[in-house]
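Here the structure is laid out as structure tokens; the discussion comes afterwards.
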């Protein structure tokens, strides 16, 4: 692992997926972090409420990941959506709007440590992680969804392309950021 690997070292990460083999793979790939897992909505929701996490990785289908996303954002936990069956322009947009910091297809699981290091590095340096995601995976989305996939929601994606900072998603995360709230902003 490169010098950037230190961004994952020692982090407490909650990984939620209904597939045990995916959770095992995440644990193997992110071996320098402390990984806590859940295989269903109820146990994941309990862990979110009771635990302290530096990052959450949520599947969408099988665990009600978009609802869990609302809970992680409410607790100020940066969250990455990792999905296969639910991958679509609609769930991508909903993840952005609800405050996820990234949205990764499970096809990229082998590169999860590198992608998370890059995403966390962007977040920590104040760079928009979504810009990084589309630089790295834009071709994947175009191939998966078709070259005209953004046309249906042109206004949303046009604004997104200008700033890569979707105000609703950022506002949602900031409403729960103790560093901001403590300053009375």
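Nothing in this text is a laboratory measurement; each read-out follows from the coordinates by a stated rule. What you are looking at is a predicted structure, and each value in this text was computed from that prediction instead of being measured. With ideal geometry, Cβ positions are generated from the backbone for all residues, glycine too; neighbour counts draw on all protein chains shown.
Beta carbons within 10 angstrom, averaged per residue: use that to sort the peptides 132-145, 95-108, 6-19, 56-69, highest first.
56-69, 95-108, 6-19, 132-145
Quick check on the stretch 38-100: take the gyration tensor over C-alpha atoms, sort the square-rooted eigenvalues as a ≥ b ≥ c, and tell me if it's rounded (a/c under 1.5), prolate or oblate.
Because a/c hits 1.5 or more and a/b fails to exceed b/c, the stretch 38-100 counts as oblate.
Highest first, please rank the peptides 151-163, 70-82 by the mean number of other Cβ atoms sitting within 10 Å of their residues.
Per-residue Cβ counts within 10 Å, averaged per peptide and sorted highest first, yield 70-82, 151-163.
What does the extension gain come out to for residue 142 and residue 52, with contour length at 0.36 nm per residue minus their alpha carbon separation?
Computed gain between residue 142 and residue 52 is 28.8 nm.
How big is the gap, in Å, between the Cα center of the stretch 40-93 and the Cα center of the stretch 109-159?
Using only Cα atoms, the two centres lie 18 Å from each other.
Given q = 0.19, 0.21, 0.25 Å⁻¹, what are the Debye log10 I(q)/I(0) values for the stretch 74-166, with equal point scatterers placed on the Cα positions and solvent ignored?
Per q value, in the given order, log10 I(q)/I(0) is -0.93, -1.16, -1.65.
Express the C-alpha Rg of the chain as a ratio against the empirical globular expectation 2.2 N^0.38 Å, rounded to two decimals.
It is 0.98.
Once you sort the root eigenvalues of the Cα gyration tensor of the stretch 1-107 as a ≥ b ≥ c, which label holds: rounded (a/c under 1.5), prolate (a/b larger than b/c) or oblate (the other case)?
Rounded shape, in that the Cα axes give a/c under 1.5.
Quick one: compute the contact order of the chain, relative version, from alpha carbon pairs under 8 angstrom and 6+ residues apart, as a percent. It would help to have the intermediate numbers written out before the result.
Values: 257 pairs, mean separation 36.2, N = 185.
Here the relative contact order equals 20 percent.
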